[in-house]
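Every read-out reported here was derived from the displayed coordinates using simple, explicitly stated rules and does not represent laboratory data. Predicted model, so just to flag it, every value in this text is computed and none were measured. Quick reminder, even Gly has a Cβ in these numbers, built from the backbone with ideal geometry, and neighbours come from all protein chains shown.
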């Protein structure tokens, strides 16, 4: 084994490629997706496969209307990733999800990190609201969606 050796690489789509590149299909990215539930990662009502794939403490938001993964992942890259966790007295914490998430067995989740985590986890229930700062792509969140401890 020679760690300094080189292997030839094809230039399939590079600047010197001379073949037919074909059409690159544009993804059909939905303008909205609906959040149907919110969980802490250690919630015992979540399936075991979810709890074992997510390091706690994190917020999981379940998405109810995903057909295929790739356009959904692109949606998560375009949409405002910030959610607001609120109590009666106002804002308690912000949760920001990454691109993509977790999927399996017909269920899809985005995974979010929460600032002010200790304060948020002390609350028995928090309302979940999407900031929706990007006009073209929006989360649809029911008015009564709560994150319960």
Once a ≥ b ≥ c are taken as the square roots of the eigenvalues of the Cα gyration tensor of the range 62-149, is the result rounded (a/c under 1.5), prolate (a/b larger than b/c) or oblate (a/b not larger than b/c)? prolate
Testing the spin-label approximation: label points 7 Å from Cα along Cα→Cβ at residue 135 and residue 118. State their distance in nm. 4.2 nm
